[in-house]
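The values are calculated or read from the model by the stated rules, or taken from the named source; none is laboratory data. In this text, all values refer to a predicted model and were calculated from it rather than measured experimentally. All Cβ positions, even for glycine, are placed from backbone atoms using ideal geometry, and neighbour counts span all protein chains on display. Protein only, heavy atoms only, side chains kept; ligands, DNA and RNA dropped before computing areas. Shrake-Rupley method; radii C 1.70, N 1.55, O 1.52, S 1.80 Å.
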Amino acid sequence: MVPVSAVRNGRNGNIAITANGKTVSDGWVSSGADVTFTVTPENKDDMVQQWTVNGSTVAEMTDTADAPLTYTVKNVTAKTEVSATLIERPTYTITVTSEGSGTASAEPASVKRGGSTTITAVPSSNSYYLKEWSVNGGAAQAASGNTLALTEIRRNTTVKAVFDARSTTM
């Protein structure tokens, strides 16, 4: 038998430990067991920022992914301490700029991590149209209509709406 323990850092919540499908309540597991640690945050807007095993970070939130609520340590053969750091889900700002003759705005203009927003562009007159969008300085995306839906937002986000004059034929 080997000892396992779990520590929660940061915000309130619980960590359950299971091995071989059974709850570990005494802190001991059979050598070689796969041990799963599951966080249940007290507040639904909280999330895991990072997991550590014996002091080393093994999973953490990034700009493209959240840290999981469950982490499994495979083949435990020695004393193992796992910690999960819980944080309040961050709120990110959506900054919208425009180039050319028109305006654009986000609704909502700030979102919790993983949330969504819609950007709406309005040309200044019928002589202009929304040509393209650029998100976080990335490559231009051709516009299809005057709205852009952003989902799974995981960082502060900047959107630029580019307007152009409609061509006139004589």
Within region 131-163, residues being open to solvent by 60 Å² or more (accessible area, probe 1.4 Å), part of a strand (DSSP E or B) and not aliphatic (A, V, I, L, M) number 5
Scanning region 27-54 for residues that are farther than 13 Å from ARG113 by Cβ and either in contact with an Asp or Glu (Cβ under 8 Å, 6 or more places away or on another chain) or of a type in the set (Asp, Glu) (or both) gives ASP34, GLU42, ASN43, GLN50, TRP51, VAL53, ASN54
Taking region 76-96 and keeping only residues that are open to solvent by 60 Å² or more (accessible area, probe 1.4 Å) and either among the hydroxyl-bearing types (Ser, Thr, Tyr) or touching a Ser or Thr at 6+ places or on another chain (Cβ under 9 Å) (or both), one is left with THR77, LYS79, GLU81, THR91, THR93, THR95
Worksheet entry | Any hit, region 61-68, residues being open to solvent by less than 80 Å² (accessible area, probe 1.4 Å), within 30 Å of ARG155 (Cα to Cα) and in contact with a Leu (Cβ under 8 Å, 6 or more places away or on another chain) | no
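Yes or no, residue by residue, for (1) in contact (Cβ under 8 Å) with a residue 24 or more places away in the chain; (2) aliphatic (A, V, I, L, M); (3) closer than 29 Å to ALA6 by Cβ:
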{"site": "SER56", "(1), (2), (3)": "no, no, yes"}
{"site": "GLU81", "(1), (2), (3)": "yes, no, yes"}
{"site": "SER144", "(1), (2), (3)": "no, no, no"}
{"site": "LEU150", "(1), (2), (3)": "yes, yes, no"}
Residue pairs qualifying under the 6 Å Cβ cut-off, at least six apart or on distinct chains, with the first in region 99-121 being acidic (Asp, Glu) and the second being open to solvent by 20 Å² or more (accessible area, probe 1.4 Å), are GLU107/THR118
| query | Can you find a residue in region 26-35 that is hydrophobic (A, V, I, L, M, F, W, C), open to solvent by less than 70 Å² (accessible area, probe 1.4 Å) and closer than 24 Å to THR91 by Cβ? | reply | no
Among residues of region 110-124 being open to solvent by 50 Å² or more (accessible area, probe 1.4 Å) and of a type in the set (S, T, N, Q), the residue farthest from ASP46 (Cα to Cα) is SER124
Selection from region 40-57 of residues closer than 25 Å to GLY27 by Cβ and open to solvent by 60 Å² or more (accessible area, probe 1.4 Å) yields THR40, GLU42, GLN49, ASN54, GLY55, SER56, THR57
